[in-house]
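Colleague: Quick one: this structure, given as C-alpha cells, is what I'll be asking you about.
The values are calculated or read from the model by the stated rules, or taken from the named source; none is laboratory data. The model shown is predicted, which means the values in this text are computed figures rather than measured ones. As a convention, Cβ positions derive from the backbone with ideal geometry for all residues, glycine included, and neighbour counts pool all protein chains shown. SASA here: full protein model, heavy atoms, side chains in, ligands and nucleic acids out. Shrake-Rupley method; radii C 1.70, N 1.55, O 1.52, S 1.80 Å.
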Amino acid sequence: MNRELIIRLCLVLLAVLLVMLLWNYVKDAGDGMKLVFVILMGVTGALLMVKFVIPWFGDVMGEAVFSSGEKVEQDEMTKAAACISQGDYPGAISHYEKMLEEKPDDPFPVAEIAKVYAERLHDPQAALRALEEHLQSKDWPVDDAAFIMFRIADVHLTHRHDYETARDMLEQVIGNFPNTRHSANAHHKMSEIEQMQYKLLMEQRTKAGSSGTATA
C-alpha cells in the first residue's frame, strides 16, 4: 500500500470521527442548527469524495484492469516501438520476445517479430521461421491459428512474391476452418491473388510485345 493511499484513508477516517463528534454536539440542538449541520456535512462530504475517494477508487480500478502482466506488456511494447524508431531492430525483437515469454498464448508478439524481420531487416525467411515454429508449437484456438496462418500467407505474398505458396496456406485455412469467417476471408484473399497474378501476366505480355515490336 503506497504512502498516498494511506494518507487518503487517514483523512477519510479523521473526517468520519469529526462528523461523529459534531453530531454529538448538535443532536440536542434545534431543527435549524441540525439543518445547518446536515448542509455543512453534505458539502464537506462532496468535497472529500471529489478530492480523495473518487481518485482512490480510480486507482483501485486501474490496478484491477491493468494487472502486472498487462503493465509488463505495455512497457515492452513501448520499448519495442522506441527501438524501431531508433533503428534498433534486434532490440525491438528482444522486447517482443519478452512479451512472448510473459504471454506465450498470445500470437500478437510473434506476429510483430515476423513483421520486424520482414519489413525492417528484409529477412522474410526469418519471419516465416518465427511464425511457423510458433504455429507448430501447440494446438491453437481457431482464431489464433488462423491469425498466424494469414500472417504466413502475407509474408509469402508481400515479401517473397510467392503466389502459389501463399495460396497453399490460404487453402489450408479453408480446409482447417470450413464455414467460418476465416474461410471466407481466405477465399477473398485468394481472389485478390488471382487478380494480382492476372495483372502481372498482362504486364509481362505487354512488355514482351513491346520488345518484339522494337526488335522487328
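Colleague: Given points 7 Å out from each Cα along the Cα-Cβ axis, report the residue 108 to residue 196 separation in nanometres with one decimal.
Modeller: Those two pseudo-labels are separated by 2.6 nm.
Colleague: Quick one: order 196, 190 from most to least accessible surface, probe 1.4 Å.
Modeller: Working: 196 80, 190 25 Å².
So, going from the largest accessible area down, we get 196, 190.
Colleague: By how many nm would the segment from residue 81 to residue 43 lengthen if fully extended, with 0.36 nm per residue of separation less the alpha-carbon distance?
Modeller: Numbers: separation 38, 0.36 × 38 = 13.68 nm, distance 4.72 nm.
Roughly 9.0 nm would be gained on extension.
Colleague: Right, something else. At a 1.4 Å probe radius, carbon and sulfur cover how many percent of the accessible area of the stretch 81-194? Don't jump to the answer; show the numbers that get you there.
Modeller: Numbers: 2770 of 6040 Å².
Carbon and sulfur together cover 46 percent of it.
Colleague: Return the FRET efficiency for the residue pair residue 121, residue 162: r is the Cβ-Cβ distance, R0 is 25 Å, and the value is rounded to the nearest 0.05. Provide the component values of the computation, followed by the final result.
Modeller: Numbers: r = 18 Å, r/R0 = 0.74.
Between residue 121 and residue 162 the formula returns 0.85.
Colleague: Let me cross-check residue 43: its accessible surface, 1.4 Å probe, with only protein heavy atoms counted, in Å² to the nearest 10?
Modeller: 80 Å²
Colleague: With a ≥ b ≥ c taken as the square roots of the eigenvalues of the C-alpha gyration tensor of the stretch 77-120, please select rounded if a/c is under 1.5 and otherwise prolate if a/b is larger than b/c or oblate if it is not?
Modeller: Oblate, since a/c reaches 1.5 and b/c is not below a/b.
Colleague: Excluding residue 190 itself, calculate the net charge of residues whose Cβ lies under 9 Å from the Cβ of residue 190, where each Lys or Arg counts +1 and each Asp or Glu counts -1. Write down the numbers at each step before the final one.
Modeller: Details: positive: 167, 189; negative: 171, 192, 194.
Combined, the nearby Lys, Arg, Asp and Glu give -1.
Colleague: Now for a separate question. If I take R0 = 45 Å and measure r between the Cβ atoms of residue 132 and residue 207 in this structure, what FRET efficiency does the formula 1/(1 + (r/R0)^6) give, to the nearest 0.05?
Modeller: Details: r = 35 Å, r/R0 = 0.78.
Efficiency, from the Cβ-Cβ distance: 0.80.
Colleague: Counting only C-alpha contacts under 8 Å and six or more residues apart, can you give the relative contact order of the stretch 122-216 as a whole percent? It would help to have the intermediate numbers written out before the result.
Modeller: On the way: 56 pairs, mean separation 18.4, N = 95.
Averaging sequence separation for qualifying contacts and normalising by length gives 19 percent for the stretch 122-216.
Colleague: Now, a different point. Each residue of the stretch 179-184 in turn: what ³J(HN,Hα) in whole Hz from Karplus with 6.51, -1.76, 1.60 and θ = phi - 60°, glycine and Pro shown as x?
Modeller: 6, 10, 5, 5, 4, 4
Colleague: Write down the accessible area per residue of the stretch 98-175 in Å², having rolled a 1.4 Å probe over the full set of protein chains. If you can, show how the numbers build up before the last one.
Modeller: On the way: 3990 Å² over 78 residues.
Result: 51 Å² of accessible area for each residue.
Colleague: Also, quick follow-up: Between residue 162 and residues 5 or more places away or on another chain, which pairs have amide H atoms under 5 Å apart, with H built 1.01 Å from N, and which residues are they?
Modeller: Distant-sequence amide H within range of residue 162: 157.
Colleague: Also, I was wondering about something else. What figure in square angstrom, to the nearest 10, would you give for the accessible area of residue 84 with a 1.4 Å probe?
Modeller: Taking all protein chains as shown, residue 84 has close to 40 Å².
Colleague: On to the next question. With a ≥ b ≥ c taken as the square roots of the eigenvalues of the C-alpha gyration tensor of the stretch 87-216, please select rounded if a/c is under 1.5 and otherwise prolate if a/b is larger than b/c or oblate if it is not? Don't jump to the answer; show the numbers that get you there.
Modeller: Working: a/c = 3.83, a/b = 1.59, b/c = 2.41.
The shape class here is oblate.
Colleague: Here's a follow-up. Taking θ as phi - 60°, what are the ³J(HN,Hα) couplings along the stretch 168-173 by the Karplus curve (6.51, -1.76, 1.60), each to the nearest whole Hz, with x for Gly and Pro?
Modeller: Karplus values, whole Hz, x for Gly and Pro: 4, 5, 5, 5, 5, 4.
Colleague: Give me the percent relative contact order of the stretch 72-124, please, defined on Cα pairs under 8 angstrom at least 6 residues apart.
Modeller: Working: 45 pairs, mean separation 15.8, N = 53.
Worked out over the stretch 72-124, it gives 30 percent.
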